[in-house]
Amino acid sequence: MRGMAMVNQIGQVDQTVSGVKQTGVSGSQAAAADFSRLLNSSLTFSRHVSERIERRQIDMSGDRIDRLESAVDKAAAKGARESLVLLNDLAVVVSVRNRTVITAMERDNMKEGVFTQIDSAVIV
């Protein structure tokens, strides 16, 4: 019974604190796994991007986090500082040096399709 309470608590934290994925408080193992993967991620999310992800309900499931981390690793290996990462229909700007996600937007929200203040792009 105590283990189930922990899963429910993790689901609540996932919804209200992470700002990355709204999973509700179902306590599902999938929600706990995604939240756990996010906590173990080497990336941090700025407050601005966390709010944007939550507000626009952008899916940042474990697979996307893994692909994003891999893209940041590739950019870092090439000496990038500020990188645009394109993940299918999601564009993410990352400070490679401190591994912080600065902004994220889906294709529908890319009005002009112009990104500034970047020195590289990684297409995943």
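The values are calculated or read from the model by the stated rules, or taken from the named source; none is laboratory data. None of the values given here were measured: they were computed from a predicted structure. Note: ideal-geometry Cβ built from the backbone for every residue, glycine included; neighbour counts use all protein chains shown.
Tabulated data for the structure shown
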quantity	calculated
Segment 103-124, residues that are of a type outside the set (F, W, Y) and assigned to a loop (DSSP other than H, G, I, E, B)	M110, K111, E112, G113, V114, T116, Q117, I118, D119, V124
Selection from segment 67-86 of residues that are hydrophobic (A, V, I, L, M, F, W, C) and touching a Ser or Thr at 6+ places or on another chain (Cβ under 8 Å)	A71, V72, A75, A80, L84
Any hit, segment 74-85, residues being within 18 Å of I118 (Cα to Cα), assigned by TED's automatic domain parsing to the domain that holds D119 and touching a helix residue (DSSP H, G or I) at 6+ places or on another chain (Cβ under 6 Å)	yes
Contacts under 8 angstrom Cβ, first residue in segment 107-124 being closer than 12 Å to S95 by Cα, partner surrounded by fewer than 13 Cβ atoms within 10 Å (Cβ to Cβ), 6 or more apart	S120/K78
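The rows are residues; the columns are (1) surrounded by fewer than 12 Cβ atoms within 10 Å (Cβ to Cβ); (2) within 12 Å of the chain's Cα centre (by Cα); (3) assigned to a loop (DSSP other than H, G, I, E, B).
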site: D73; (1), (2), (3): no, no, no
site: A80; (1), (2), (3): no, no, yes
site: S83; (1), (2), (3): no, no, no
site: V101; (1), (2), (3): no, yes, no
